[in-house]
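All remarks here apply to the structure that follows.
The values are calculated or read from the model by the stated rules, or taken from the named source; none is laboratory data. What you are looking at is a predicted structure, and each value in this text was computed from that prediction instead of being measured. Cβ placement follows ideal geometry from the backbone for every residue including glycine, while neighbour counts extend to all protein chains displayed. Calculation scope for accessible area: heavy atoms of the full protein, side chains included, ligands and nucleic acids excluded. Shrake-Rupley method; radii C 1.70, N 1.55, O 1.52, S 1.80 Å.
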Amino acid sequence: MSGRYHRPDRIFTGKSRKLKELMLKSDNRTCADCGGPDPKWASANIGVFLCLKCSDVHRSLGPDISKELHWGLVPTVGVLSITLDEWEDPDIDSMVEVGGNSYANSIYEAFLPQGYKKPRPDASVEERTNFIRSKYELQEFLKPSLRIVSNKMSFRQYDSVNSTKSIGASPSMKKLEEDTREFVGALNVKVIKGTNLAVRDIRSSDPYVVLNLGHQKVQTTVKQSDLNPVWDEVFKLKVPQHYGPLKLQVYDHDFFSADDIMGEAEVDLQPMVTSALAFGDPSVFGDMQIGKWFKTNDNALIRDSTVNIVDGKIKQEVSLKLQNVESGDLDLELEWVSLEE
């Protein structure tokens, strides 16, 4: 049991409501390390929810390791009980900033070898300890260049612009400096195809896709009477410093009335942006996986979506089940574009 303040009933008010909302996400209802159900502990430094047995191992990592693994906010106390400890605002901020188990594992398990068996809930102390130390202390499944991380640097927070003087700079250079202050990069979003889309006319639909990122909005062409349309259309969208999800909606075009919606979905850009900013120039690397967006009950993914370096480009294939509609899938491909390109 933690040595901090205790109270018998956890009452969620103010910022702690954010913690409760995070706890209720499906991927946070199992231990980040062994998959055990209903975790009652959390590592505020790393941002993961843990079972009692794994939390004991995390405590053994020691304060130095916890400090190095911190995600970029203020120093926190490490392992806390969800129900018994009094959480302070910085602890909650740290958990919310990371986003929970899926986000943290997309970093710490990005290079988990294929076929590698994580410990199960009934694993021995030795097996559990070996895995946790490999994952967090030795950082064996992390990109090598990220294995030494100061407590002033976050995997999700990057200073994307250097201090430069614009006096005498060309208009193109000035524009680039303005972009680097406002944006961290750009994405080529390829809308590939839709499958088994919903019927909104008598027998078919005339679908098109609308993409929104920040204040940017783009639209595909309309495909007449086609429930399995192939677009293969590419749109370039800049990624703001404070980016949210890429939102998409599918509509049925109608000449005589308002267009009917045929479903919607969101793409979490964090795995792509984090991986792209961490690796820098992908042309110097061979083909490899560098990140992953995990399928959960809380997102529209049909399957896990990996971020890969392919032929010197950072790409991510995304297959989505459209939400709030009776049927329909959508396939996309994201490609990272630096601001210099």
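Listed by position, the strands (runs of 3 or more DSSP E) enclosed by the range 250-341 that each have at least 1 residues that are out of contact with any Asp or Glu (no Cβ under 8 Å at 6 or more places or on another chain) and open to solvent by less than 20 Å² (accessible area, probe 1.4 Å) are 260-267, 288-293, 305-310, 329-337.
For the range 293-312, give me each residue that is touching a helix residue (DSSP H, G or I) at 6+ places or on another chain (Cβ under 6 Å) and of a type in the set (D, E, K, R).
Of all residues in the range 293-312, those touching a helix residue (DSSP H, G or I) at 6+ places or on another chain (Cβ under 6 Å) come to 293-294, 296-298, 307, 309, 312.
Across the range 293-312, the qualifying residue is only 298.
The residues of the range 217-272 that are in contact (Cβ under 8 Å) with a residue 40 or more places away in the chain and among the hydroxyl-bearing types (Ser, Thr, Tyr), listed by number, are 243, 251. Out of the residues in the range 66-87 that are more than 19 Å from residue 39 (Cα to Cα) and surrounded by fewer than 18 Cβ atoms within 10 Å (Cβ to Cβ), which is modelled with the lowest pLDDT? Here the residue is 74.
For the range 93-123, which residues satisfy the criterion of being hydrophobic (A, V, I, L, M, F, W, C) and surrounded by fewer than 22 Cβ atoms within 10 Å (Cβ to Cβ)?
Those that are hydrophobic (A, V, I, L, M, F, W, C) and surrounded by fewer than 22 Cβ atoms within 10 Å (Cβ to Cβ): 96, 111, 112, 123.
The number of residues in the range 180-216 that are free of Cβ contacts under 8 Å to residues at least 40 places away in the same chain, within 24 Å of residue 256 (Cβ to Cβ) and not polar (S, T, N, Q) comes to 3.
Scanning the range 231-249 for residues that are surrounded by fewer than 17 Cβ atoms within 10 Å (Cβ to Cβ) and charged (D, E, K, R), we see that the one that is farthest from residue 322 (Cα to Cα) is 236.
Taking every residue in the range 43-60 that is touching a residue at least 40 places away in the same chain (Cβ under 8 Å) and pairing it with any residue that is open to solvent by 10 Å² or more (accessible area, probe 1.4 Å) and polar (S, T, N, Q), at least 6 positions away or on another chain, the pairs with Cβ-Cβ distances below 6 Å are 44/76; 45/66; 45/76; 57/129. When the range 310-341 is filtered for residues that are touching a Gly at 6+ places or on another chain (Cβ under 7 Å) and under 14 Å from residue 291 (Cα atoms), only 336 remains. Does the range 24-40 contain at least one residue that is surrounded by 22 or more Cβ atoms within 10 Å (Cβ to Cβ), hydroxyl-bearing (Ser, Thr, Tyr) and either at pLDDT below 85 or within 27 Å of residue 116 (Cα to Cα) (or both)? The answer is no, given that none of the residues of the range 24-40 is surrounded by 22 or more Cβ atoms within 10 Å (Cβ to Cβ), hydroxyl-bearing (Ser, Thr, Tyr) and either at pLDDT below 85 or within 27 Å of residue 116 (Cα to Cα) (or both). For the structure I just gave you, tell me whether residue 51 is within 18 Å of residue 85 (Cβ to Cβ), at pLDDT 90 or above and buried (at least 20 other Cβ atoms within 10 Å of the Cβ). The answer is yes for residue 51.
Answer yes or no as to whether residue 221 is within 26 Å of the chain's Cα centre (by Cα), among the polar types (S, T, N, Q) and at pLDDT 90 or above. Full working, then the answer.
Working: within 26 Å of the chain's Cα centre (by Cα): no; among the polar types (S, T, N, Q): yes; at pLDDT 90 or above: yes.
Answer is no for this residue.
What residue, among those in the range 204-222 that are on the phi < 0 side of the Ramachandran plot and small (Gly, Ala, Ser), is least open to solvent (accessible area, probe 1.4 Å)?
The initial filter retains those residues of the range 204-222 that are on the phi < 0 side of the Ramachandran plot, namely 204-213, 215-222.
From what is left, the residues that are small (Gly, Ala, Ser) are 204-205.
Working: 204: 23, 205: 0 Å².
Per the stated criteria, the residue is 205.
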